[in-house]
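None of the figures in this text is laboratory data; all of them are computed from the coordinates on show. Owing to the predicted nature of the structure, the values given are computational and were not obtained by experimental measurement. Neighbour counts run over all protein chains shown; Cβ positions are idealised from the backbone, glycine included.
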Amino acid sequence: MKKLTKKLLLTVFSAVVLVLCLAITTFAANNDVSFKANVDDNNTVVTSQTGRNGKTYLFLPSSADLTALAIDFNAQTLEISADKGTVAIAKGEAFDLTAICTPKNGEYTVTFADGSTLIIMKSANVRSLFYVSDDPENKGRPWVDAVKGNEAEGNMSFVGTDGTVEYSDKITEIKARGNSTFTRSDKKAYQFKLDKKVDLINNNKNEANKKWILLANMFDATLIHNSITFQLAMDLDMPYTPNYEAVDLYFDGEYRGAYLLCEKTEVGSSRIDIDDTDKAIEELNEDTDAFENQVIVTKTIASKGSAKASANSKGSYKYVDGLMEPELPDGASHHAYLLELEFAHRYPDEPTGFITNRHQGVLTKNPEVLTKDTGAYISTFWQEFEDAVYSTNGYNTKTGKYYYEYCDLDSLVKLYLINELSKNVDGFMSSTYFYMPADEDILYAGPVWDYDPCYGPGGFHDNIQVATANPENFYAVNNYLADGLIKIESFRNAVKKTLNKQNGEFYLAVQKMIGNNGTVYTMAETVKSSQLMNEKLWNVFDSRFVYVHKGQKVTFENANNFLNDYITERINWLSETTAQWNGNNYSVPTDYDEEEKELSFFEKIVAFFQSILDWLLNLFNF
């Protein structure tokens with residue numbers, strides 16, 4: 001976001017203040033144009049900003065009352081003109097903006113005596129989250145955005161559309177998060193931590209938690225890809241799907257755009273309700289030198305630590321040396337785990353986890369710090385699962401176990417189809433979760449996460465946009481696990497059954513997404529006003545992030561029309577194609593040939609030298 005680089009001459013606005021709904025007070029802040037609302041005990045300030053087009057905007061929350069708007073300025077009186085007339089107001093006097101100005105595309109443009117203009121926009125339908133840093137000068141938003149590890153403290157107020165302050169308290173931590181969003185976008189995603197457990201979305205004490213996520217949805221012009229996917233997962237009864245809500249974010253007085261507030265994917269009684277292995281390991285080891293000065297050791301998978309492996313080589317796991325092993329939960333034969341699939345090139349950045357024989361990175365989100373035994377167990381279990389999936393018949397040849405004895409079939413099919421429906425470029429390769437309760441000897445696929453560059457655009461993956469924008473053909477079957485699963489008859493049968501147009505659970509759930517009353521259009525209507533403000537700051541209509549029908553202008557409405565039509569055509573194509581499957585007589589037409597699935601030249605070179613190193617290590621039994 002650009003900041004004002006010049007001070008306005010002559011008459012300068014120092015504050016525009018909400019009145020009725022927000023119990024407004026006004027003030028003059030030197031020569032800066034700003035607006036102040038008593039939305040919490042911190043008297044949160046919202047300032048005017050420069051949009052991408054160089055014009056000056058004031059972005060108001062949904063709770064603002066435009067018929068009673070108070071403006072504070074340096075002079076004692078000020079003349080404001082618009083298309084309906086002119087009004088002279090005294091310092092701090094409320095006036096009716098709608099009486100002098102007709103909005104155009106959500107913009108109220110007013111002119112002052114010196115010829116300068118201010119465009120006022122107001123959100124609707126969504127609540128507003130105001131965050132104020134304790135030290136905005138040194139540890140404010142620019143500092144938080146600069147480095148992903150930078151953390152700040154402050155206060156947060158959550159204000160309803162009617163002006164009610166629904167939450168106001170301390171934030172003990174806010175920091176930037178994400179991979180592509182952080183590295184490729186000025187609009188950052190955030191994680192913040194409350195001082196106490198609260199359910200910000202549903203006000204349900206059973207779902208209260210301290211940690212929350214703000215997704216930027218930067219690679220999604222519709223702003224609703226994540227929302228409609230989360231809702232689809234809920235309609236499919238997929239456990240632990242994150243609750244979500246569209247919000248407007250104000251950070252240290254600046255409007256930062258439209259965000260999606262949602263629950264963090266983590267272990268906890270109000271999140272993924274399995275035993276907290278990470279907590280057990282930390283409590284047992286937190287005062288030990290091994291925990292404080294961690295030494296990472298790499299071993300080969302399925303060896304129980306008997307064979308040393310080179311760092312980050314395929315078929316290996318990483319753990320912290322010297323940690324004491326926590327006791328198993330009562331009646332359990334193993335600990336609980338939360339896993340996340342991640343690209344192999346990102347895997348070396350993580351302290352512990354494992355990388356499979358097929359070179360897929362798997363991060364252990366819980367426990368974040370693996371001991372020798374927990375690392376050996378979960379990496380071996382997953383490798384056996386992978387081997388079963390990629391066998392000729394779905395059975396692990398060494399253990400005799402079928403692939404769905406390792407991972408629940410119902411959740412696996414649903415997660416696959418969500419990735420297939422959306423043509424998720426990261427599906428089964430990154431941001432893909434699995435969890436394993438301590439009292440069950442089986443994995444579950446989910447919860448769903450991270451779908452903003454899906455349903456057509458493909459995000460920064462320019463070379464695959466043609467494929468992702470095509471509502472026909474299989475896509476996820478090109479990715480890890482899915483390319484093996486689709487060759488197993490029982491998996492295909494389960495996919496075919498749930499896509500049946502008469503009674504297929506997945507097919508019927510998708511019908512709720514489409515049509516005039518479907519979630520695509522209803523959610524788009526909810527965020528429409530927020531989106532109008534958001535696009536003034538961020539280039540969401542970049543061709544990499546949006547698709548519309550050929551010949552149409554790139555607009556928010558046309559992007560949502562494309563999304564609705566895309567899902568409609570895609571679910572019908574998937575249903576009709578799988579209906580033709582009969583035993584081993586099946587076809588999975590894709591947009592890619594084998595060459596396009598190959599590693600890049602650089603990845604081939606790295607893999608070649610890695611294979612030589614692995615061979616030498618095994619030869620000399622290191």
Open item on the list: Could you sort the peptides 433-439, 90-96 by per-residue average Cβ neighbour count (10 Å cutoff), highest mean leading?
Closed with: 433-439, 90-96
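Using only alpha carbon pairs under 8 Å that are at least six residues apart, calculate the relative contact order of the chain and give it in whole percent. The partial results should precede the final answer.
On the way: 1352 pairs, mean separation 69.0, N = 622.
Relative contact order here is 11 percent.
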Open item on the list: Compute the helix-to-body angle for 556-578: its Cα long axis versus the longest principal axis of the chain, expressed 0 to 90° and rounded to tens.
Closed with: 20
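If you take every residue apart from LEU200 with its C-beta less than 10 Å away from the C-beta of LEU200, what net charge results, scoring Lys and Arg +1 and Asp and Glu -1? The partial results should precede the final answer.
On the way: positive: ARG127; negative: GLU166, ASP199, GLU207, GLU245, GLU263.
Charge balance in the 10 Å sphere: -4.
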Open item on the list: Show log10 I(q)/I(0) for segment 511-555 at q = 0.20, 0.21, 0.22 Å⁻¹, two decimals, from a solvent-free Debye sum over equal Cα scatterers.
Closed with: -0.83, -0.89, -0.94
Task: Cut-off 20 Å (backbone N to label point 7 Å along Cα→Cβ of LYS205), residues of segment 256-272 - done: 268-271
Open item on the list: Counting other C-beta atoms within 10 Å, and keeping those with at most 12, which DSSP coil GluC sites (Glu not before Pro) do you find in segment 459-556?
Closed with: none
Task: Phi to ³J(HN,Hα) by Karplus 6.51 cos²θ - 1.76 cosθ + 1.60 over segment 197-206, Hz, x for Gly, Pro - done: 6, 8, 9, 5, 8, 10, 6, 9, 4, 6
- [ ] Go ahead and run the numbers for FRET between ASN125 and LYS553, Cβ-Cβ distance against an R0 of 25 Å, rounding to 0.05.
- [x] 0.55
- [ ] Indicate the gyration tensor shape class of segment 235-361 (rounded, prolate or oblate), computed on the Cα atoms with a ≥ b ≥ c the square roots of the eigenvalues: a/c under 1.5 is rounded; otherwise a/b larger than b/c is prolate and the rest oblate.
- [x] prolate
Task: Degrees between helix 372-389 axis and first principal axis of the chain (Cα, 0 to 90, nearest 10) - done: 80
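State the volume of the convex hull built on the alpha-carbon positions of the chain, expressed per residue in Å³ and rounded to an integer. Numbers along the way, then the final one.
On the way: hull volume 105.6 nm³, N = 622.
Cα-based convex hull of the chain, divided per residue, equals 170 Å³.
What does the charge dipole of the chain about its Cα centre add up to, to the nearest 20 debye, if the Cβ of each Lys and Arg holds +1 and the Cβ of each Asp and Glu holds -1?
Details: 58 positive and 87 negative charges, 352 e Å.
Here the chain has a charge dipole of around 1680 debye.
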Open item on the list: Test of the criteria: in segment 240-320, which GluC sites (Glu not before Pro) are in a DSSP loop and have at most 12 other Cβ atoms within 10 angstrom of their Cβ?
Closed with: GLU286
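For segment 482-545, count all C-alpha to C-alpha pairs, find those more than 13 Å apart, and express that count as a whole percent of the total.
Working: 1509 of 2016 pairs.
In whole percent, the share of Cα-Cα pairs in segment 482-545 beyond 13 Å is 75.
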- [ ] Hey, can you grab everything whose amide H is under 5 Å from the amide H of ASN366? Only 5+ residues off in sequence or another chain; H modelled, so Pro and N-termini drop out.
- [x] LEU338
Task: Dipole of the chain [Lys/Arg +1, Asp/Glu -1 at C-beta], most positive-end residue of THR519, TYR377, PHE556 - done: PHE556
Open item on the list: Based on alpha-carbon centroids, what's the gap between segment 389-438 and segment 363-381 in Å, whole number please?
Closed with: 19
Open item on the list: Show me, bin by bin at 10 Å from 0, the whole-percent P(r) of segment 127-263 based on Cα pairs.
Closed with: 12, 43, 36, 9, 0
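Given the -39500 (n - 2.57) contribution per DSSP H run of 4+ residues, what per-residue ellipticity at 222 nm results for the chain, rounded to the nearest 500 deg cm²/dmol?
Values: 17 runs with 165 residues, N = 622.
Result for the chain, helices only: -7500 deg cm²/dmol.
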TODO: Output the pairs from LYS187/LYS211; LYS414/LYS512; LYS187/LYS536; LYS55/LYS528 with a Cα-Cα distance over 18 Å in this structure; if there are none, say none.
DONE: LYS187/LYS211; LYS55/LYS528
TODO: Kindly work out what percent of the DSSP beta bridges joining two residues of the chain are antiparallel, to the nearest 5.
DONE: 90
